[in-house]
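Every read-out reported here was derived from the displayed coordinates using simple, explicitly stated rules and does not represent laboratory data. Keep in mind the model is a prediction, meaning the values are calculated, not measured. Backbone-built Cβ (ideal geometry, glycine too); neighbour counts: all protein chains shown.
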Amino acid sequence: MNSKEYMELETQWGAHNYHPLPVVISKAKGVWVWDAEGKKYMDMLSSYSAVSQGHLHPYIVSKVTEQLNTLTLTSRAFYNDRLGPFLKHLCQVAGMEMGLPMNTGAEAVETAIKLARKWSYENRDIPYGKGEIIACENNFHGRTTTIIGFSSDETTKEGFGPFTPGFVTIPFNDIESFENAINDNTIGILVEPIQAEAGILIPDKGYLKNLREICNENGILLILDEIQTGLARTGKMFAFQHEGIKPDIICVGKALGGGVIPVSAALSSKEIMGAFTPGTHGSTFGGNPLACAAADAALDVLVNEKLDENAAKMGKYFLEQLNTIESSEIKEIRGKGLLIGVEIKLKPDETVRPLCEELLNLGVLAKDTHEKTIRFAPPLVITRDEIDWAIERVRKVLE
């Protein structure tokens, strides 16, 4: 079958809840992918940071293959010999004390919400059912009905209500609004250190530090969604480390699976995680041995290959090269590490999708986000020469 036939087949038999670029990927290695006809492309999306270690990293593949021949699934009805070592590894990398493994990022966020509510009801004088979690406008934390209920993106909400109560939404990067939103029933704030889906929106320096201080003063929880920004993407293992703080709960996912299998987790202290007791939360596949093997290996690669340092170094170089592009159509270039957005000046009815399609034709796979920004988030193993190859093509399109 050729690419056209594959796309027609998916369009016929699959729900139309995505609008993919017209390319059929059939093979991948490192930062490169190939379509069904054998044409080569550079992956500048890395599956929204889920392939941070590069496609089919040989060490991760070897560890997953080894586990496939031993044990794949037990459910949490029993112990297995992979979960404990993996959680120890993850908590030590993140500087936390306990973790609860799940599968997708949305599940990690749902876990964090349940955990924050339960701990707060048990440890603070909040009437049951009245607790409020503060979230930020333009957030993206997942697609469940609870999560989309506090989204400001009407496209994700229309037709799916009623939504879960107990959330208050404030502007991102606005400390005063946060302080004004806090009341006796406030549980805490759920926030992304950088709003990736919103167009790589980076808050002011000191924003996270101020959030931490205000949470401390009010005895409420700081919950950070590091599903996209975590695990070396921004030049540190976690984005909160840029400001030297520590959250109460961290949501992790995407790159944790090494681009092989969905793995996510909510991480916290022993005290807070103690709110969960047998039967209060769970997942049949969460913490399965195959996922643990993949995640353990994924963490090894991030740490041993110092991909946080490479993200910082290559991200700085990438931004420098983007800023040499002379185009009156570029409104702003934003980035931290290898999480970069180029916002384009557009008319109200225009989007950057045609530019992404031009990049596709030149062999660069990048995706539009919030219609006006092109996102560049390649695997963290990318080299200077590979960035030069991409910049040459990006320059052709943007100039």
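Along its three principal axes, how long is the stretch 241-399 when you only count alpha carbons? Whole Å, largest extent first please.
58, 38, 32
How large, in Å, is the stretch 119-164 by the Kirkwood hydrodynamic radius built from its alpha-carbon pairs? Before the final figure, lay out the partial values.
On the way: mean 1/r = 0.0830 Å⁻¹.
Over the stretch 119-164, the inverse of the mean reciprocal pair distance is 12.0 Å.
Can you tell me the relative contact order of the stretch 259-387? Whole percent, Cα pairs under 8 Å, sequence separation 6 or more.
Details: 122 pairs, mean separation 25.0, N = 129.
Answer for the stretch 259-387 is 19 percent.
I want to verify a result. In a Gaussian network model of the chain, Cα cutoff 10 Å, which of these has the top mean-square fluctuation: ALA198, ALA15, ALA112?
ALA15
Of ASN288, ASN138, ASN304, which has the largest mean-square fluctuation in a 10 Å C-alpha GNM of the chain?
Of ASN288, ASN138, ASN304, the Gaussian network model singles out ASN304 as fluctuating most.
Using alpha-carbon pairs under 8 Å, 6+ residues apart, how would you state the relative contact order of the stretch 58-304 in percent? Walk me through the numbers on the way to the answer.
On the way: 448 pairs, mean separation 80.0, N = 247.
Computed value for the stretch 58-304: 32 percent relative contact order.
Nearest 5 percent is fine: what portion of the DSSP beta bridges confined to the chain is antiparallel?
Numbers: 31 of 47 bridges.
Beta bridges within the chain, antiparallel portion: roughly 65 percent.
I need the per residue convex hull volume for the chain, using only the alpha carbons, in cubic angstrom as a whole number.
On the way: hull volume 60.8 nm³, N = 399.
Once divided by residue count, the hull of the chain is 152 Å³.
Hand me the trypsin sites (Lys or Arg not before Pro) from the stretch 213-313 located in a DSSP loop with no more than 15 other Cβ atoms within 10 Å, in residue order please.
Values: sites: ARG233, LYS236, LYS254, LYS270, LYS306, LYS313; in loops: ARG233, LYS236, LYS306.
Sites meeting the loop and neighbour criteria: LYS306.
List the trypsin sites (Lys or Arg not before Pro) within the stretch 315-390 that DSSP assigns to loop and that have no more than 14 neighbouring Cβ atoms inside 10 Å. Before the final figure, lay out each step's value.
Numbers: sites: LYS316, LYS331, ARG334, LYS336, LYS345, LYS367, LYS372, ARG375, ARG384; in loops: LYS345, LYS372.
Passing sites in the stretch 315-390 are LYS345.
Tell me, ILE330, ILE60 in order of fewest to most beta-carbon neighbours within 10 Å?
Details: ILE330 17, ILE60 24.
So the ranking, lowest neighbour count to highest, is ILE330, ILE60.
Mind checking the full-extension length gain between GLU350 and ILE214? Use 0.36 nm per residue of separation minus the Cα-Cα distance, one decimal, nm.
On the way: separation 136, 0.36 × 136 = 48.96 nm, distance 4.01 nm.
Between GLU350 and ILE214, full extension yields an extra 45.0 nm.
Under the rule that an exposed site lies in a DSSP loop and has at most 12 other Cβ atoms within 10 Å, name the longest stretch of the chain with no chymotrypsin sites (Phe, Trp or Tyr not before Pro) of that kind, not counting the sites themselves. Mind dumping the intermediate values first?
On the way: sites that count: TYR18, PHE78, TYR79, TYR128, PHE160.
Excluding the exposed sites themselves, the longest stretch runs over 161-399.
With a point put 7 Å past each Cα toward its Cβ, work out how far LYS313 is from ARG76 in nm, to one decimal.
Between LYS313 and ARG76, the simple spin-label model gives 4.0 nm.
If you wrap a convex hull around the Cα atoms of the stretch 192-243, how much volume per residue is inside, in Å³? Mind showing how you got there, number by number?
Values: hull volume 4.0 nm³, N = 52.
Convex hull volume per residue, Cα atoms: 76 Å³.
In percent, how large is the relative contact order of the stretch 189-249, given Cα pairs closer than 8 Å and 6 or more residues apart?
On the way: 74 pairs, mean separation 23.3, N = 61.
Averaging sequence separation for qualifying contacts and normalising by length gives 38 percent for the stretch 189-249.
Using bins 10 angstrom wide from zero, how does P(r) for the stretch 27-87 break down, in % of all Cα pairs?
P(r) over the stretch 27-87, rounded to whole percents: 18, 34, 29, 16, 3.
What are the GluC sites (Glu not before Pro) within the stretch 72-119 that DSSP puts in a loop, where the Cβ has at most 14 other Cβ atoms within 10 Å? Please report the intermediate quantities before stating the final value.
On the way: sites: GLU97, GLU107, GLU110; in loops: GLU97.
Here the GluC sites (Glu not before Pro) that fit, given the DSSP loop and packing criteria, are GLU97.
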